[in-house]
1. Between Gln59 and Arg106, what is the spin-label point distance in nm, taking each point 7 Å from the Cα along the Cα→C-beta axis?
2. Excluding Ser84 itself, calculate the net charge of residues whose Cβ lies under 12 Å from the Cβ of Ser84, where each Lys or Arg counts +1 and each Asp or Glu counts -1.
3. Sort Met98, Met64 by Cβ crowding within 10 Å, fewest neighbours at the top.
4. Amide H of Arg63: which non-local residues (sequence gap of 5 or more, or other chain) have their own amide H closer than 5 Å, using H built in the peptide plane?
5. Which loop GluC sites (Glu not before Pro) in the stretch 95-142, with loop taken from DSSP, have no more than 10 other Cβ atoms within 10 angstrom of their Cβ?
6. Which order results if Val72, Val56 are arranged by neighbouring Cβ count within 10 Å, fewest first?
Amino acid sequence: MESQTRNRNNVSCFSHSIRMATGLVALGVLQSGCERSPQPVESSPRSVVADVIVSVSNQTRRRMQIYLEAGVSEHVLGVLDARSSRSFSLPSGLGEAMSALQFEARERGAVTGFRSGVFSLSPGQQALWTFDEGGSRAVTTR
């Protein structure tokens, strides 16, 4: 009989401990929900670099792949359909190489094509290059 009483007391004590632990966890959860959220840290203003936009006008009867050469690097700008114009945003990684730029338009698989003269651009400037069956025209910047 004494053994049964001791077991009941142990079970009662154990269930009381479980209820206490559950209550403490619930109290902790409720309290954490009432805490203030940390305020966002204000960052210093960032400088914004304007995009450099170039427009290319293909006045030929052929579809052309447009490239931009910057020093020894060549960047594919995209495809330009026959008798159409398109604007491209220059790759941001050009950085200081913006002083010796040159366009080239080639048909798919061709090694050479139409080439512009060498030109330079600054952030915020725009360039326009037109080429036709007679050849390439000068690049206009503004």
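Each value in this text was obtained by applying a stated rule to the coordinates, not by laboratory testing. The shown structure was predicted, so the numbers you read here are calculated from the model rather than taken from an experiment. All Cβ positions, even for glycine, are placed from backbone atoms using ideal geometry, and neighbour counts span all protein chains on display.
1. 2.4
2. Net charge around Ser84: +4.
3. Details: Met98 17, Met64 23.
Listing Met98, Met64 from fewest to most nearby Cβ atoms yields Met98, Met64.
4. Amide H neighbours of Arg63, under 5 Å, 5+ apart: Ala82.
5. Glu133
6. Going from sparsest to densest Cβ surroundings: Val72, Val56.
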